[in-house]
Amino acid sequence: MNICTDPITLENGLQLAEKYSQICNAGATTPHDVEKEGENAFPIFAKAARDKKLLAVGETGLDYYYKELDKNVQKDFLIRYLHLALECDLPVIFHCREAFDDLFKITDAEYERKAPAILHCFTGSLKEAEEVLQRGWHLSLSGIVTFKNSATLREVAKIVPLNQLLIETDTPYLAPQSKRGKQNEPSFITETARCIAEVKGVPLEEVALATFENAAQLFKNS
Ligand SMILES: [Zn+2]
């Protein structure tokens, strides 16, 4: 799953998907960039979604970590992307950092209760993880779960049911512990999966199969 964040990466992603059948695309302007380029990019992502060129809408969401980002603009685009996902019957991929209260408030009002969603690169608390899971969403863990100082995230990994778990690279960022500082790539995902399997006390194969099946089910055309 390749995340396209602007019209250029969308164009590149669509070309890759044409060439390689195992690549599929999601698209949206991230909360970091909506103020600057959200308005121009929205109709382009909307067209790609309506033309069935995307298998998910996102990353959209809220990021309150960077104080200079306007919260109201982020909320406005989150709502627009939620409606686009519902209109096109696509799952939505959330980016959420230090903004779970508002994310839950907005999605409870604007997104259908049973509609599919993925909380990507989850780094919240145990309680926030429980609230994500209660909503029936998938919770996706990245290489961060393998970092030495990520004890809380490993507690989260323990409680995520296998049928709601996804793993991701977030490439080029967040390479797992033994590869920290390197450009991340899909082959590094085994280290993340192994860490989660150890924490959960299940075989690596079980984590691999469950997360593969979850992704195949969510991103239906893949
Ligand atoms: Zn993100």
> Can you name the condition, by its number, that Pro172 falls short on among (1) closer than 23 Å to Glu213 by Cα; (2) within 15 Å of the ligand (Cβ to nearest atom)?
Replying inline: (1)
> Do we have Leu55 as away from the ligand (no atom under 14 Å from the Cβ), touching a residue at least 40 places away in the same chain (Cβ under 8 Å) and in contact with a strand residue (DSSP E or B) (Cβ under 8 Å, 6 or more places away or on another chain) here?
Replying inline: yes
>> Return the residues of the range 179-204 that are surrounded by 14 or more Cβ atoms within 10 Å (Cβ to Cβ), within 23 Å of Thr5 (Cα to Cα) and without any contact (Cβ under 8 Å) to a residue 40 or more places away in the chain; say none if nothing qualifies.
In response: Ile189
>> Let me confirm something: among Ala115, Ala99, Ala48, which residue is under 30 Å from Glu213 (Cα atoms) and within 16 Å of the ligand (Cβ to nearest atom)?
In response: Ala99
> Of all the residues that make up the range 61-93, how many are touching a residue at least 40 places away in the same chain (Cβ under 8 Å) and within 16 Å of the ligand (Cβ to nearest atom)?
Replying inline: 8
>> Condition (residue is under 15 Å from the mean Cα position of the chain (by Cα), buried (at least 17 other Cβ atoms within 10 Å of the Cβ) and within 23 Å of Tyr64 (Cβ to Cβ)) applied to the range 208-220: is it met by at least one residue?
In response: no
>> Quick test of your reading of the structure: Asn40 fulfils all but one of (1) under 14 Å from the mean Cα position of the chain (by Cα); (2) surrounded by fewer than 17 Cβ atoms within 10 Å (Cβ to Cβ). Name the failing condition by number.
In response: (1)
>> I'd like to check something: does the range 33-42 contain any residue that is in a loop (DSSP other than H, G, I, E, B) and either at pLDDT 95 or above or within 14 Å of the ligand (Cβ to nearest atom) (or both)?
In response: yes
> How many of the residues making up the range 68-99 are assigned to a helix (DSSP H, G or I), surrounded by fewer than 20 Cβ atoms within 10 Å (Cβ to Cβ) and not charged (D, E, K, R)?
Replying inline: 6
>> Take the residues in the range 143-153 that are out of contact with any Leu (no Cβ under 8 Å at 6 or more places or on another chain) and crowded, with 18+ Cβ neighbours inside 10 Å; name whichever of them is nearest to Val199 (Cα to Cα).
In response: Thr146
> Any idea how many residues of the range 154-178 are surrounded by fewer than 17 Cβ atoms within 10 Å (Cβ to Cβ), part of a loop (DSSP other than H, G, I, E, B) and small (Gly, Ala, Ser)?
Replying inline: 0
> Considering the range 1-22 alone, what residues qualify as being among the acidic types (Asp, Glu) and either assigned to a helix (DSSP H, G or I) or surrounded by fewer than 13 Cβ atoms within 10 Å (Cβ to Cβ) (or both)?
Replying inline: Glu11, Glu18
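The values are calculated or read from the model by the stated rules, or taken from the named source; none is laboratory data. Just so we're clear, the structure is a prediction, and the values are computed from it rather than from any experiment. Counting neighbours? That spans all protein chains shown, and the Cβs are built from the backbone with ideal geometry, glycine included.
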